[in-house]
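Here is the structure we will look at.
The values are calculated or read from the model by the stated rules, or taken from the named source; none is laboratory data. On a predicted model such as this, the values are computed, not experimentally measured, just so you know. All Cβ positions, glycine included, derive from the backbone under ideal geometry; neighbour counts span all protein chains shown.
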Amino acid sequence: MNFLSDFILLLKARYPLIYILTSEEERVEYLLKYSTKKYLSRAYYSWDFIDGYKGNPNDAGFASRNPIEALDLPGKLTPETGAVFILKDYDNFLKDFSIVRKLKNLSKSLKTQPKNIIIISSELVIPDSLKEFITVVEFPLPSYDEIFEELTRLVKSLQQTVSPKTVGNLAVACQGLSMERIRRVLSKIIAQWGEINELSSPLILEEKKQIIQKTQLLEFCLANKTISDLGGLDNFKNWLKLRSNAFSQAAIDYGLPYPKGLLLVGVQGTGKSLTAKVIAKEWNLPLLRLDFGRLFASLVGQSESRIRKTISIAEALSPCILWVDEIDKAFANSQNSGDNGTTNRVLATFITWLSEKVSPVFVVATANNIDWIPPEVIRKGRFDEVFFLTLPNFKERRAIFQVHLQKVRPETASTYELELLSKITKNFSGAEIEQLVIEAMRLGFSEERDFTTEDMITVVQRFVPLAQTKSKEIKQLMEWAESGKVALASSSGL
């Protein structure tokens, strides 16, 4: 069932007090006014604190700046008169004892009358004393079909020719925005470019970035890495390409479910964080980074509330990539924390959501220590795949050198002895190879010349890779990967 059918059912069943949670006041009011008159033939009354009741000439301005008087109007109508009373921002007055008492009394009397009181608010604020009397309904953001229809109408009004495929791609990019925000960003696109086309997506993503910055729970990351920035990892690349259109409307029409996510486990510096950025870039989706440390607060219940809010934000901005960096540390803290189980409850909420979510939020979680992650997290159903990123082999090291040298010396990259450099950097991670190139550049710069293969050999001789300093931990990771419980990101194996 959708929102409209659920709402009509509540009215017909004579639910006296309904609380609609939404930030789209104008859109929800239009739908309520339309539906109550079309399907129930009831009178429609709308109240706000400044203007009082409006829309009905007989009661215009009634109860202006008087929230308790606003509850008198239902009693002024005959019991047989069907009516819907919309109270905007009324959650601000629910702490008043007289209002709470009056709402309870109205709840009792309206059960036998075709009348409903509906509170519209962007925040859920219901005192405990009213929770049994109020039914909460969440008003969803515009669906793909609604956005597509709005974009089609706008393109037609502008007398532009835009292909249905482009309109569909823009509709996907707009998902997660309110209709008002969609109209604003489209106005911005037209003002800047004069037309709507396939190049409009970046401005839509910028609008989503503005929403994220206001939450202070998630970080909007720049997805500026392409698949060509990854050296090796052939199995992962093939997996990614196979799902390149996984969030398209065509995939939905085909009957494919949204992919859930990936867990990337491996040695530090092997490209796990880079991989998250590559996925977002290749799929053209916004990348949101979740730091579990931001979720925990000192007040009782606040941490649990924050994880729920984080999930709702990610779902509201979907389709998107939710990047959970170093998730293993969150589970390690849960085993050692003395916070009366708050950490465990937060993680349990997150894990349950991973299993049950149907929204197009693709979760990319990275971990260095598999021992800290409970087995139930790794099982199929929470993540589509668990990839192990090992230290690069000879062929992959050569590809990584090629990637970094091509960036800093695109015209002379072929003059460096990649075969030799790849041979002497056994057990170096991708991040360490990148640092090696940077240090060689410093040597050349200090002597006012270009850096050479010999400079990189000198750096290698001084360099102590993590594989030596953390040999025990890396050996344990390798043994776990060899057990066959995980997919290898590289086709050449361990």
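Return the only residue of 411, 439, 434 being part of a helix (DSSP H, G or I), farther than 30 Å from residue 262 by Cα and outside the structural domain of residue 240 (by TED's automatic domain parsing).
On the way: 411 fails: part of a helix (DSSP H, G or I); 434 fails: farther than 30 Å from residue 262 by Cα.
When all the criteria are applied, what remains is 439.
If residue 148 satisfies all but one of (1) part of a helix (DSSP H, G or I); (2) out of contact with any helix residue (DSSP H, G or I) (no Cβ under 7 Å at 6 or more places or on another chain), what's the number of the condition it fails?
Unmet for residue 148, out of (1) part of a helix (DSSP H, G or I); (2) out of contact with any helix residue (DSSP H, G or I) (no Cβ under 7 Å at 6 or more places or on another chain): (2).
Take the range 247-261 and flag every residue that is part of a loop (DSSP other than H, G, I, E, B) and in contact (Cβ under 8 Å) with a residue 60 or more places away in the chain. Reasoning before the result, please.
Just the residues of the range 247-261 that are part of a loop (DSSP other than H, G, I, E, B), to begin with: 247-248, 255-260.
247, 248, 257, 258, 259, 260 - these are the residues of the range 247-261 that are part of a loop (DSSP other than H, G, I, E, B) and in contact (Cβ under 8 Å) with a residue 60 or more places away in the chain.
Taking residue 151, is it aliphatic (A, V, I, L, M) and either at pLDDT 95 or above or surrounded by 13 or more Cβ atoms within 10 Å (Cβ to Cβ) (or both)?
For residue 151, the condition - aliphatic (A, V, I, L, M) and either at pLDDT 95 or above or surrounded by 13 or more Cβ atoms within 10 Å (Cβ to Cβ) (or both) - is met.
List, please: which pairs have Cβ atoms under 7 Å, are six or more places apart or on different chains, and start with a residue in the range 210-239 that is more than 30 Å from residue 308 (Cβ to Cβ) and touching a residue at least 60 places away in the same chain (Cβ under 8 Å) and end with one that is charged (D, E, K, R) and outside any helix (DSSP H, G or I)?
239/385
Only one residue in 364, 437 is surrounded by 22 or more Cβ atoms within 10 Å (Cβ to Cβ), touching a Leu at 6+ places or on another chain (Cβ under 8 Å) and either modelled with pLDDT under 90 or closer than 24 Å to residue 473 by Cα (or both). Which one? Please lay out each step first, then the result.
Numbers: 437 fails: either modelled with pLDDT under 90 or closer than 24 Å to residue 473 by Cα (or both).
One residue alone meets the criteria, 364.
Considering only the range 445-494, how many residues are under 30 Å from residue 384 (Cα atoms), touching a residue at least 24 places away in the same chain (Cβ under 8 Å) and in a helix (DSSP H, G or I)?
9
Run down 176, 168 and say which single residue is touching a helix residue (DSSP H, G or I) at 6+ places or on another chain (Cβ under 7 Å) and either assigned by TED's automatic domain parsing to the domain that holds residue 314 or in a loop (DSSP other than H, G, I, E, B) (or both).
Values: 168 fails: either assigned by TED's automatic domain parsing to the domain that holds residue 314 or in a loop (DSSP other than H, G, I, E, B) (or both).
Result of the check over 176, 168: 176.
For the range 324-340, state whether one or more residues are out of contact with any helix residue (DSSP H, G or I) (no Cβ under 6 Å at 6 or more places or on another chain), modelled with pLDDT under 85, among the charged types (D, E, K, R) and part of a helix (DSSP H, G or I).
The answer is yes; a qualifying residue exists.
Does residue 157 count as touching a helix residue (DSSP H, G or I) at 6+ places or on another chain (Cβ under 6 Å) and not aliphatic (A, V, I, L, M)? Please lay out each step first, then the result.
Values: touching a helix residue (DSSP H, G or I) at 6+ places or on another chain (Cβ under 6 Å): no; not aliphatic (A, V, I, L, M): yes.
Here the answer is no, as residue 157 does not meet what is asked.
Being modelled with pLDDT under 85 and small (Gly, Ala, Ser) narrows it down to one of 266, 255, so name that one. I'd like the intermediate steps shown before the answer.
Numbers: 255 fails: modelled with pLDDT under 85.
So the residue among 266, 255 that is modelled with pLDDT under 85 and small (Gly, Ala, Ser) is 266.
Suppose the filter is surrounded by 14 or more Cβ atoms within 10 Å (Cβ to Cβ), farther than 21 Å from residue 249 by Cα, not β-branched (Val, Ile, Thr) and not assigned by TED's automatic domain parsing to the domain that holds residue 282; does residue 188 pass it? I'd like the intermediate steps shown before the answer.
Values: surrounded by 14 or more Cβ atoms within 10 Å (Cβ to Cβ): yes; farther than 21 Å from residue 249 by Cα: yes; not β-branched (Val, Ile, Thr): yes; not assigned by TED's automatic domain parsing to the domain that holds residue 282: yes.
Considered against the rule, which asks whether it is surrounded by 14 or more Cβ atoms within 10 Å (Cβ to Cβ), farther than 21 Å from residue 249 by Cα, not β-branched (Val, Ile, Thr) and not assigned by TED's automatic domain parsing to the domain that holds residue 282, residue 188 comes out as yes.
Between 445, 387, 463, which is crowded, with 17+ Cβ neighbours inside 10 Å and either modelled with pLDDT of 85 or more or farther than 17 Å from residue 271 by Cα (or both)?
Matching residue, one of 445, 387, 463: 387.
Among 98, 107, which is in contact (Cβ under 8 Å) with a residue 24 or more places away in the chain, small (Gly, Ala, Ser) and exposed (fewer than 13 other Cβ atoms within 10 Å of the Cβ)? Don't jump to the end; show me each part of the working.
Values: 107 fails: exposed (fewer than 13 other Cβ atoms within 10 Å of the Cβ).
Answer to the check: 98.
I need every pair where a residue in the range 269-293 that is over 25 Å from residue 309 (Cβ atoms) and assigned by TED's automatic domain parsing to the domain that holds residue 313 has its Cβ under 8 Å from the Cβ of a residue that is of a type in the set (Asp, Glu) and assigned to a helix (DSSP H, G or I), sequence separation at least 6 or different chains.
Listed pairs, sorted by first residue: 269/432; 274/229; 278/229.
For the range 22-49, name all the residues that are outside any helix (DSSP H, G or I), modelled with pLDDT under 90 and either among the aliphatic types (A, V, I, L, M) or more than 20 Å from residue 179 (Cβ to Cβ) (or both).
The answer is 41, and nothing else.
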